[in-house]
Amino acid sequence: MFTAGKGVRLLAVLAVATTVLAACSNDGDDGGGSAANSGPRELKLWHYEGPTSAMGVAWAEAIKEFQSSHPNVTVKFEEQSFEQIQKTAPMVLNSDDAPDLMEYNKGNATAGLLSKQGLLTDMTEEVTKRGWDRLLSENLQTTCKYDQRGIMGGDKWFGVPNYAEYIMVFYNKDMFAQQGLSVPTSFDQLVSAMDKFRQAGVTPLSVSGSEYAAHQILYQLALTKADRGWVDRYQRYTGKVDFHDSVWTYAANTFVEWVQKGYIDKQSTSITAEDMGTAFISGKFPMMISGSWWFGRLQKEITGFKWGSFLWPAQMSAASGGNIWVIPQGSKNKDLAYDFINITMQKQNQNLLGNNGGVPVAADPGAVTDAQSKELIENFNTLAGRDGLAFYPDWPAPGYYDVLVAATQKLINGSASPDQVLDEIAKPYEENLANLGG
Amino acid sequence: MTLPAQTAPAPTGPAPRPAGRRAGGPRPARRAGYLPYLVPGALIFIAVIAIPLAVNIGISFTRWDGVGTPDWVGIAQYRRLFADETFWRSSRNNLALILAMAVIPAFLGLLLAGALFDVVAKRVGQRPANALRAAFYLPQVLPAAVAGIVWLWILHPDYGAANALLRFVGLDSFTQNWLGDESTALLSVMGVLVWIQIGYPVVIFMAGLQRVDPELYESAELDGASWWQKLWRITVPQIRPEIYVVMLTCTVAALKTFDKIYVLTRGGPGGATNVPAYFSWQNFFERSNVSYGAAIATVLTVIIVGLAVLFLRAQSKGEG
């Protein structure tokens, strides 16, 4: 059937053909080049916000506005999925298919990594020229600026967000009223509200353990004991992180306690984020600790009960500027890209974003009319005002998300002790740190 | 490479009898005769297998995050890999998947094929047997993503059909967080895989059974052999080539498992259902740890090729 002689010949054929293929794989340089300013031009734009989300609505309007102020330019918008961009960005940006402007994930492991690799345009000059630095508070600027190791909070601007996001507590007002509970303003009040629900046989929190929500709660618990220095050490490597310090230990132990007391259902290990949201929307749970990205959806889909949101009862909460506009280094239309970003930073576009359930960074406070949206934006301003933006737990290392999901699943299932879990999350963190240093 | 136009392509398989031509014609020309026919396949093979494989092996000896210049680090990635508890755990999980995708389906498939061929077809009729065979095969036709989502519903701890059924019959205490509990997740995934896989051996084995000389069964029956004895003494030895094929293809498929894990559990909870293919993908795309992902993929390839060679050897020995 398969003799050695044939094999050798086949190998020879393959070897010859390999060189032929390799020879024709390198196809010339980027022909065409950029058109002159007056001729027809094209701005290739990528983002991954759904068309009905706050950002989707505001940016669609920005495209229209851009077209009317730049009649010779066609905006070629290509909708991408979050996963697509996240998984393929480095490779795409290294090729000729890169867009001129795109939305990208902020943080060390994403935008930071790309900036370090020289794939993103340093925008510093334009940012100061156009005054975007004056629109964005210090807190929000952290995720725009990266140093040469790709660590946020650096000196050069590589991106600009036109919205912000933060983790809060969404709550079902009807269920709170049934138990005679008022909105918790302290951590103790939150715990006693959850106790009340437990006594009534209701699981207080809608949680997803197979995706981000559970480990974000773990981080929120840490934040109740943390200060800015702790957050900076963890997120920006400004000092040594001890995963067995009092903050992490408290967070892991309290998380386990919350599972044991039934605030968090053991079954949540297999619940997806989507399941968590729909369960809250259907009125099964009185509370959901999650991010402002849910806001627009809750506004549209909750019809059976009254709901609201309150700030996580601590000085800080997981929060940051939103995903950022970045300009790939290879873009030949950087001037157009800057013009487009500028439109999204203007009051008009910001107000539109705010009125559609987003958290604008430079809106006119009086122009946002919807009550729930107002609450959302005011809470954010309160949080930002007290220097409370603590970023997200999975940012410090590439792929840390999976590590945290797996670790919190073990906490929920009780298959590892809090100490073991903390060891488990310490290891990849320290490996990454060693890589950065090396 | 010019060839005499009249040269016929050499037939494959056992040496043919030269028809209408003197034996021992121009041998080199005859040998070269089939080469043009190999070119399209060879080109595709080079483009989608040989080059990526070579590049992958190359990358695995570097430290690289997907862009920029890879740094040559020798076997450092492999050293790290063999000391990586996640890799070993995922490999153990993969053994369980081989059980669920190759061993159990082959065994059950043998019983089912025997029962369909021997009992259902003969006593109830050929049509019901065909219908049942098609039913067993149906999960094979479904895309893994679709089957996975349906099973996610069935196994959902809250509104899933599996728990609802248990509650309905009063077995509340047996309800499980099927895919979310580390003690049941792997078993649940294995169960789904058996369901997906079972149709394949059934169809192959039933085709094989058509080939078996009925006289063998008749004489065995005259000698008073039981159904079980006939299965083990006649069926299994007679359809051994089919069993090899099923075991080989299913084992390779089990080692490559990615889609089902991606849809069902994403390797969770806490890594309880992670497998090397998924682990490699995580490193490639989620952790920007391309060279480590490449090292895992290379090890996986070596194991699969090694197993395939062993199987093929065993098979040709069995045939010889």
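The values are calculated or read from the model by the stated rules, or taken from the named source; none is laboratory data. Computed from a prediction, not measured in an experiment: that's the story for all the values here. Cβ placement follows ideal geometry from the backbone for every residue including glycine, while neighbour counts extend to all protein chains displayed.
Given the residues A:Leu336, A:Leu353, which is the only one that is in contact with a His (Cβ under 8 Å, 6 or more places away or on another chain), of a type in the set (A, V, I, L, M) and crowded, with 22+ Cβ neighbours inside 10 Å? So that I can check it myself, show each step before the final result.
On the way: A:Leu353 fails: in contact with a His (Cβ under 8 Å, 6 or more places away or on another chain).
That would be A:Leu336, the only listed residue that is in contact with a His (Cβ under 8 Å, 6 or more places away or on another chain), of a type in the set (A, V, I, L, M) and crowded, with 22+ Cβ neighbours inside 10 Å.
Which one of these is surrounded by 22 or more Cβ atoms within 10 Å (Cβ to Cβ), modelled with pLDDT under 95 and either assigned by TED's automatic domain parsing to the domain that holds A:Asn355 or not in a loop (DSSP other than H, G, I, E, B) (or both): A:Gln235, A:Gln220? First the steps, then the outcome.
On the way: A:Gln220 fails: modelled with pLDDT under 95.
The match here is A:Gln235.
From the list B:Ile44, B:Ile59, B:Ile51, which residue is free of Cβ contacts under 8 Å to residues at least 60 places away in the same chain and surrounded by 15 or more Cβ atoms within 10 Å (Cβ to Cβ)? Quick ask: steps written out before the conclusion?
Values: B:Ile44 fails: surrounded by 15 or more Cβ atoms within 10 Å (Cβ to Cβ); B:Ile59 fails: free of Cβ contacts under 8 Å to residues at least 60 places away in the same chain.
Testing whether each residue is free of Cβ contacts under 8 Å to residues at least 60 places away in the same chain and surrounded by 15 or more Cβ atoms within 10 Å (Cβ to Cβ) leaves just B:Ile51.
Of all residues in segment B:254-289, which are farther than 23 Å from B:Gly148 by Cα and in contact with an Asp or Glu (Cβ under 6 Å, 6 or more places away or on another chain)?
Passing the criteria: only B:Ser288.
Could you grab me the full set of residues in segment A:117-136 that are buried (at least 22 other Cβ atoms within 10 Å of the Cβ), within 12 Å of another protein chain (Cβ to nearest Cβ) and not in a strand (DSSP E or B)?
A:Leu119
Kindly indicate whether B:Asp118 is at pLDDT below 95 and under 24 Å from B:Tyr200 (Cβ atoms).
Numbers: at pLDDT below 95: yes; under 24 Å from B:Tyr200 (Cβ atoms): yes.
Here the answer is yes, as B:Asp118 does meet what is asked.
Could you list, in sequence order, all residues of segment A:271-305 that are surrounded by fewer than 16 Cβ atoms within 10 Å (Cβ to Cβ) and either part of a loop (DSSP other than H, G, I, E, B) or of a type in the set (Asp, Glu) (or both)?
A:Glu274, A:Ser282, A:Gly283, A:Lys284, A:Glu301, A:Thr303, A:Gly304, A:Phe305
Is there a residue being within 11 Å of chain B (Cβ to nearest Cβ), surrounded by fewer than 23 Cβ atoms within 10 Å (Cβ to Cβ), hydroxyl-bearing (Ser, Thr, Tyr) and in a loop (DSSP other than H, G, I, E, B) anywhere in segment A:85-93?
There is no residue in segment A:85-93 that is within 11 Å of chain B (Cβ to nearest Cβ), surrounded by fewer than 23 Cβ atoms within 10 Å (Cβ to Cβ), hydroxyl-bearing (Ser, Thr, Tyr) and in a loop (DSSP other than H, G, I, E, B).
Criterion first (closer than 30 Å to B:Trp64 by Cβ, small (Gly, Ala, Ser), touching a Lys or Arg at 6+ places or on another chain (Cβ under 7 Å) and within 14 Å of chain B (Cβ to nearest Cβ)) does A:Gly399 satisfy it? So that I can check it myself, show each step before the final result.
On the way: closer than 30 Å to B:Trp64 by Cβ: yes; small (Gly, Ala, Ser): yes; touching a Lys or Arg at 6+ places or on another chain (Cβ under 7 Å): yes; within 14 Å of chain B (Cβ to nearest Cβ): yes.
Spelling it out, A:Gly399 is indeed closer than 30 Å to B:Trp64 by Cβ, small (Gly, Ala, Ser), touching a Lys or Arg at 6+ places or on another chain (Cβ under 7 Å) and within 14 Å of chain B (Cβ to nearest Cβ).
I'd like the full set of residues that are within 24 Å of B:Arg266 (Cβ to Cβ), at pLDDT 90 or above and outside any helix (DSSP H, G or I), limited to segment B:158-174.
Just the residues of segment B:158-174 that are within 24 Å of B:Arg266 (Cβ to Cβ), to begin with: B:158-163.
Checking which are at pLDDT 90 or above leaves us with B:160-163.
Hit for segment B:158-174 is B:Gly160, nothing else.
Can you pull out the residues in segment A:252-273 that are within 13 Å of chain B (Cβ to nearest Cβ) and either without any contact (Cβ under 8 Å) to a residue 24 or more places away in the chain or over 25 Å from the mean Cα position of the chain (by Cα) (or both)?
First, the residues of segment A:252-273 that are within 13 Å of chain B (Cβ to nearest Cβ): A:259, A:264-273.
Answer for segment A:252-273, where residues must be within 13 Å of chain B (Cβ to nearest Cβ) and either without any contact (Cβ under 8 Å) to a residue 24 or more places away in the chain or over 25 Å from the mean Cα position of the chain (by Cα) (or both): A:Val259, A:Asp265, A:Lys266, A:Gln267.
When you scan segment A:408-423, how many residues do you find that are more than 11 Å from every other protein chain (Cβ to nearest Cβ) and in contact (Cβ under 8 Å) with a residue 24 or more places away in the chain?
Number satisfying all stated conditions: 4.
Considering only segment B:263-320, state which residues are outside any helix (DSSP H, G or I) and at the interface with chain A (Cβ under 8 Å from one of its Cβ atoms).
Narrowing segment B:263-320 to residues outside any helix (DSSP H, G or I): B:265-275, B:287-289, B:320.
Once the filter is applied, which keeps residues that are outside any helix (DSSP H, G or I) and at the interface with chain A (Cβ under 8 Å from one of its Cβ atoms), segment B:263-320 yields B:Thr265, B:Arg266, B:Gly267, B:Gly268, B:Pro269, B:Gly270, B:Gly271, B:Arg287, B:Ser288, B:Asn289.
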